[in-house]
1. In region 68-110, which residues are in contact with a strand residue (DSSP E or B) (Cβ under 9 Å, 6 or more places away or on another chain) and assigned to a helix (DSSP H, G or I)?
2. List pairs: first residue in region 29-58 and closer than 18 Å to residue 4 by Cβ, second residue within 13 Å of the ligand (Cβ to nearest atom) and acidic (Asp, Glu) anywhere in the structure, Cβ distance under 8 angstrom, at least six positions apart or on different chains.
3. Suppose we keep only residues that are within 13 Å of the ligand (Cβ to nearest atom) and buried (at least 24 other Cβ atoms within 10 Å of the Cβ) within region 80-95. Which one would you say is nearest to the chain's Cα centre (by Cα)?
4. For region 273-328, list the helices (runs of 4 or more DSSP H) that sit wholly inside it and hold at least 1 residues that are crowded, with 20+ Cβ neighbours inside 10 Å and under 20 Å from the mean Cα position of the chain (by Cα); which are they?
5. Can you find, within region 219-248, the residue that is surrounded by the fewest Cβ atoms within 10 Å (Cβ to Cβ) among those that are under 16 Å from residue 273 (Cα atoms) and not aliphatic (A, V, I, L, M)?
6. Quick one: count up the residues across region 66-76 that are surrounded by 14 or more Cβ atoms within 10 Å (Cβ to Cβ) and without any contact (Cβ under 8 Å) to a residue 60 or more places away in the chain.
7. Could you check region 249-267 and list, in sequence order, the residues that are more than 15 Å from the ligand (Cβ to nearest atom) and either crowded, with 19+ Cβ neighbours inside 10 Å or part of a loop (DSSP other than H, G, I, E, B) (or both)?
8. Cβ-Cβ distance below 7 Å, separation of 6 or more or different chains: which pairs start in region 154-178 with a residue that is within 21 Å of residue 101 (Cβ to Cβ) and end on one that is surrounded by 17 or more Cβ atoms within 10 Å (Cβ to Cβ) and among the acidic types (Asp, Glu)?
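Here, each number is a calculation from the coordinates, and none is a lab measurement. Note that the structure is a prediction, hence the values are computed from the model and not measured. Here Cβ is always computed from backbone atoms with ideal geometry, including for glycine, and neighbour counts include all displayed protein chains.
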Amino acid sequence: MSKPKILVARAVFPEIIARLEQHFEVESNQSDETWSKAQLTERLKGKDGAFTTGGDRIDGEVLAACPGLKICANMAVGYNNFDIDAMTAAGVLATNAPDVLTETTADFGFALLMATARRVTESEHYLRAGKWSKWSYDMFAGSDIHGATLGILGMGRIGQGIAKRGAHGFGMKVIYHNRSRLDASLEVECKARYVGKEELLKAADHLVLVLPYSPASHHTIGAAELAMMKPTATLINIARGGIVDDAALAAALKDKRISAAGLDVFEGEPKVHPDLLTVPNVVLTPHIASATIPTRLAMASLAADNLIAFFGGKQPLTPLNPGVLAIK
Ligand code: 8YV
């Protein structure tokens, strides 16, 4: 019997490719070429499955051109690159890669918060530029983390990880807002208090965004929300580009309407709004919150496990539209 054909859309660990090759006929993109949607579609034609990452768009147009496709396994917890309704309508299973990246991503959220509030990168650039000639009492004075009020918007697994770090590690007062309130026992574990969105914006000294992107969460933070925040506040986005209106944020940072921001994700990335590149009070990183080798390996392994289980007639580990399996 011939093996199912799969496409691995981006470069990934060679050991993952080797494992996939034991089960599938694999076409991979180990040279990590940047494919347009049309190029991705061309390569997906005739394939039974796909191993995708957050930048690979799978929508009705792609699916219509690839009727043989049965599953797309995303090496990411976020799946806004998938049109889930279109996939379900086409009978294509979608899987993501949750849990394995929670603690690593929460670590990074905290790293970005600390770097932003304590002006780590801005002061390093100053030093590297040879501008440091003497100590002074207010040089690169930032904001305290310990004891401050940490606001979290989006209290899923990663949000909870950040809350625990803040409450237990740094004695922060944690408040959060989410579509639904956590169970009381989880609120106790995270030492977090549920508040409305407006109170969150107004009370947070540091606001971390960890909510999923969807058309409904587009520009959750725009000029009006930034205007509600404290002028001393910091804003951290490790969620998705598009949740923040980057142009409005750049203007708010320039006018010091908020103190600083730390951004790992951007609208239209890898492009970055040019105004963000010119303001000093922002820390910018290229979507690396889950980037440690053990975690990226665990994410890739989970995506591979989903493909192997599915084609082996077993239940995939992390299906997003499991109803599709019932139809088959
Ligand atoms: C990935 C992410 O690195 O998992 C996610 O949702 O944003 C990141 O961890 C990226 O999406 C690549 O797939």
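1. If the condition is that a residue be in contact with a strand residue (DSSP E or B) (Cβ under 9 Å, 6 or more places away or on another chain) and assigned to a helix (DSSP H, G or I), then 84, 86, 87, 88, 109, 110 are the ones that fit.
2. 50/56
3. 82
4. 293-311
5. Restricting to residues being under 16 Å from residue 273 (Cα atoms) and not aliphatic (A, V, I, L, M), the top hit is 219.
6. 3
7. 249, 250, 252, 253, 255, 256, 257, 258, 259, 260, 261, 262
8. Close Cβ pairs satisfying both conditions: none exist.
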